[in-house]
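Where a number appears in this text, it was derived from the coordinates with a stated rule and is not lab data. Given the structure is predicted, the values throughout are model-derived calculations rather than measurements. Here Cβ is always computed from backbone atoms with ideal geometry, including for glycine, and neighbour counts include all displayed protein chains.
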Amino acid sequence: MADLPRELTLYVQSKKAVTSFYHAQTPVAEPLGTTIVAGAASPSGDSGAVGDSPVYFLSDDQSRCVALAEDLAGRRGYRVKVVDVARVGRIERLVAEHLRGVQTFPVLISAVGHRLEGNAQFTEEALAAMMPTELRSVRAFTYLKIRGGDLDKLRRMLETFPEVKELHFLTGDWDILVVLEFPPSTTNKRVVLDFVTDRIRSIPEVLDTSTIVPEYTISKFPSAH
């Protein structure tokens, strides 16, 4: 299985303020691609300049997006490179392919070109989709055929098993799709099938089962970390 691209670029746009309170250093232009700590003033250069030296800062909305992206990236084994477009040269900004057509910041771009743009799009679900990860637990999918009876009672019985994570009620040849999850220590299909035959098949309402155990799983869901 090919390795997943593990680096994303997060473009932010800070604001520049002029203050006589903060004794900033003389700023030096930084090249596009420099990793800049979000929310920090941190212009660099020779010390001693005061008065109208520029101070750069991020809005709280953008800082929140950076923190959310970096937190999820750390848990999923990704790296987020933060680039402040307000602190790079104008020509460099214009030639940046990824920023063409951008209207609002921040903008998160994956190694394969997927994009989130604007504060509203920075949700845990959307970020997880940008950073898919190998599922550490073992999942399986079991189809159930059931005889007529009390579906609510059957649902409650299935929900008592910690291994049962989801129930999907179907029409067609099978009546229920059960999503099962086991600890990473579960290394073979026999453990899964033993659970299905010993626990689920023992329920009187269950007539037949068919189980699929994937060989490899990648998840975009936030809980998969």
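First measure r as the distance between the Cβ atoms of ARG147 and ASP60, then evaluate 1/(1 + (r/R0)^6) with R0 = 45 Å and state the FRET efficiency to the nearest 0.05. With a Förster radius of 45 Å, E is 0.20. Annotation note: trypsin sites (Lys or Arg not before Pro) in region 119-225 located in DSSP loop regions with a Cβ neighbour count of at most 12 within 10 Å are ARG136, ARG147. Each of SER210, SER185, SER14, SER137 was scored by other Cβ atoms within 10 Å of its Cβ. Listed from fewest to most, they are SER185, SER210, SER137, SER14.
Cα centroid separation, region 155-208 to region 107-152: 20 Å.
If you rank ILE200, ILE218 by fewest surrounding Cβ atoms within 10 Å, what's the result? Please report the intermediate quantities before stating the final value.
Numbers: ILE200 21, ILE218 12.
Ordered from fewest to most neighbouring Cβ atoms within 10 Å, ILE200, ILE218 come out as ILE218, ILE200.
Eigen-decomposition of the gyration tensor built on the alpha-carbon atoms of region 159-217 gives equivalent ellipsoid semi-axes of 20, 14, 11 angstrom, largest listed first.
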